[in-house]
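The values are calculated or read from the model by the stated rules, or taken from the named source; none is laboratory data. Remember, it's a predicted structure, so these values are computed and weren't measured experimentally. With ideal geometry, Cβ positions are generated from the backbone for all residues, glycine too; neighbour counts draw on all protein chains shown.
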Amino acid sequence: MKRRLLLPLLACLPNLAAAQQAPMNDYEEPEIAPWVEDAYTLPPFPKDEDLVEFEVDGASNVRTYVDRTAIGAGTADGVVRYTLVVRTSGGATNISYEGLRCDTNEYRIYATGTLEKTWAKARSSEWRKFKIHNRPQKSLANYYFCPNFTPVRSAREALSALRDGIHPAAARSKFLY
């Protein structure tokens, strides 16, 4: 009699072991490939006639511009790249080639302009979260290039937002960073 009970139990053991290894539901986490940044090339040095001015939150004594010929958008990596020109009321000018990762709320400086009108590789070029002193980058992300944390699809869309003073999707957004 013991043998009759034991045999059906032994027959169930392989099924029991398989059931413990199988997930409790049919959902499996999709494998997400790690993000990889696309290769980029530095644009030609900006010319005054190609600069488009934009407004920066909280800036009082500076004028900020983007080189309309150096906007890169719609890339596979989702980065919006651009040349930024900042001029102070005292006459100082800073020029940099930068990128915005809209989905992660980060920016990166690839290169800075020199007095000889050439590019110098940035000393520190890692992706960084916005800080209070990054007003031009935050304004570009919030109002022009990253409405609702989504990168613009083209340089044309970015230029349209700059000329209009705000991207239409940003005007509807309640979640500015």
Of the criteria (1) at pLDDT below 95; (2) surrounded by fewer than 16 Cβ atoms within 10 Å (Cβ to Cβ), which one ARG156 fails:
(1)
For segment 43-70, give me each residue that is under 16 Å from GLN137 (Cα atoms), part of a loop (DSSP other than H, G, I, E, B) and hydrophobic (A, V, I, L, M, F, W, C).
VAL56, ALA59
Report whether or not PRO168 is in contact with a Cys (Cβ under 6 Å, 6 or more places away or on another chain) and not aliphatic (A, V, I, L, M).
no
Any idea which residue in segment 1-44 is modelled with the lowest pLDDT, counting only those that are under 23 Å from the mean Cα position of the chain (by Cα) and surrounded by 10 or more Cβ atoms within 10 Å (Cβ to Cβ)?
TRP35
Surrounded by 17 or more Cβ atoms within 10 Å (Cβ to Cβ) and in contact with a Phe, Trp or Tyr (Cβ under 7 Å, 6 or more places away or on another chain) - does that describe any residue in segment 121-135?
no
Only residues that are farther than 11 Å from GLU98 by Cα and crowded, with 18+ Cβ neighbours inside 10 Å: list them for segment 61-75, please.
THR64, TYR65, ASP67, ARG68, ALA73
